[in-house]
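What follows is a single structure, written as structure tokens, with notes after it.
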Amino acid sequence: MIGWQTPYSGSIGAIVRELEPGRAVVWLRDRRSVRNHLDSIHAVALTNLGELASGLALVTDLPAGSRAIVTGLQVEFLKKARGRLVATGRAEAPERSVLDSGSVACVARAEIRDLEGDVVATVRADWQIGLAVPAPPPPLTDTGDSG
């Protein structure tokens with residue numbers, strides 16, 4: 001489902017294990033398609049996983065009628081990543097009343113751990129959140145009746 005909405009995020013084949021407002025847990029299975037030449041999980045696959053987990057945490061907490069876009073990413077790689085990974089994303093979206101005044105910046109974070117429980121990477125995603133612009137009403141059509 002995620003790969004359908006955001007094809008690039010779906011490219012790593014991550015599995016959403018838990019999802020609730022402000023929190024997401026996503027697994028990544030270690031396989032050849034996400035590895036680098038050092039026989040560990042590629043930095044960009046880790047970045048993608050962290051952005052996915054943090055983004056899911058945020059969008060599940062967004063008020064109705066809002067939208068968000070990533071404006072920056074910071075990733076810190078702490079250990080070679082091997083084996084199944086677990087990314088836990090956390091975020092707190094602004095209240096609807098805050099968005100009524102205009103778009104706001106928000107930060108979502110993810111921590112990626114290996115099966116030993118060691119943190120292999122952390123991700124900070126900066127988001128800009130605003131209200132979705134409603135679609136304009138359809139144009140009035142002349143039915144030909146003048147009377």
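The values are calculated or read from the model by the stated rules, or taken from the named source; none is laboratory data. These numbers come from a predicted model, not from an experiment. Cβ: placed from backbone, ideal geometry, glycine included. Neighbour counts: every protein chain shown. Ligands, DNA and RNA are excluded from the accessible area calculation, which covers all protein heavy atoms including side chains. Shrake-Rupley method; radii C 1.70, N 1.55, O 1.52, S 1.80 Å.
The table below lists the values:
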item	result
Table column - 3J(HN,Hα) (Hz), the range 9-18, Karplus curve with 6.51, -1.76, 1.60, x for Gly and Pro	4, x, 5, 8, x, 5, 10, 7, 9, 9
Å² per residue, accessible surface of the chain at 1.4 Å	61
Over the range 1-92, relative contact order from alpha-carbon pairs under 8 Å, at least 6 apart, %	37
In the range 23-132, the GluC sites (Glu not before Pro) that fall in loop regions by DSSP, at most 15 other Cβ within 10 Å	92, 95, 116
Computed accessible area, residue 42, all protein chains, 1.4 angstrom probe, square angstrom	80
Carbon and sulfur %, accessible surface of the range 22-147 computed with the full protein complex present, 1.4 Å	53
C-alpha long axis of helix 43-59 to longest principal axis of the chain, angle in °	40
Length added when fully stretched, residue 44-residue 74, from 0.36 nm per residue minus Cα-Cα	9.6 nm
For the range 79-138: relative contact order, % (alpha-carbon pairs under 8 angstrom, 6 or more apart)	35
